[in-house]
1. Scan segment 67-82 and give yes if some residue there is hydroxyl-bearing (Ser, Thr, Tyr) and farther than 11 Å from Thr160 by Cα, otherwise no.
2. Hey, which of the strands (runs of 3 or more DSSP E) in segment 39-122, taking only ones fully inside, have at least 3 residues that are touching a residue at least 40 places away in the same chain (Cβ under 8 Å) and crowded, with 17+ Cβ neighbours inside 10 Å?
3. Quick one: Ala158 ticks every box in (1) buried (at least 20 other Cβ atoms within 10 Å of the Cβ); (2) closer than 19 Å to Val65 by Cβ; (3) of a type in the set (A, V, I, L, M) except a single one, so which number is it?
4. List the number of the failed condition for Gly157; all other conditions in (1) modelled with pLDDT under 95; (2) within 21 Å of Arg49 (Cα to Cα) hold.
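The values are calculated or read from the model by the stated rules, or taken from the named source; none is laboratory data. Remember, predicted model here, so these are calculated numbers, not experimental data. Every residue, glycine among them, receives a Cβ derived from its backbone with ideal geometry; neighbour counts consider all protein chains shown.
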Amino acid sequence: MKISVIGTGSIGRRHIGNFLSIGAAVTAFDADQAARERARGMHPAVLSRGGLRPAIRALARRSTVPVELSVEVDHRLPESVEVAAYYVVAEALTNVAKHANADSVTVEIGLHDGLLQLSVTDDGVGGATAGGGSGLVGLRDRVDALSGELSVTSTTGAGTLVRASIPVGDR
């Protein structure tokens, strides 16, 4: 967001702090929008309208850590599978940004033998756990509900790998 003050009068100077506060509030609102949607059980329109590929691309574009992305899914999947995969990637990218101190993250998604397989790998500090209030617990429950599997591998000093495998079933 760019804010310019035109003129040098006292009104512009007096209110610039208000404009900056509004700008910070808008930025905070945008940053927390995905978290609020997850909390309410909603998912973004791009996922509903376009499917997994554009929704994951949107997550990657919003990431504060550079993302290398590979989505090898060329058709729509059952909604429950797309939603679960979306939230696994969203939570993993959020955790990378908040905790990993990573320089990069790789997201890979593909279909193999009737399973949607996805992985999110970062080069950060590692040490993540899937318990104790972690958002990963909710993701494990969501993936388990679809007869899938979620694993977290995170060695201190060696980054973190979040992997999910979700049966696709009949289209």
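1. yes
2. Once the strands (runs of 3 or more DSSP E) in segment 39-122 are filtered for at least 3 residues that are touching a residue at least 40 places away in the same chain (Cβ under 8 Å) and crowded, with 17+ Cβ neighbours inside 10 Å, what remains is 105-112, 115-122.
3. The number of the failed condition is (1).
4. Unmet condition: (2).
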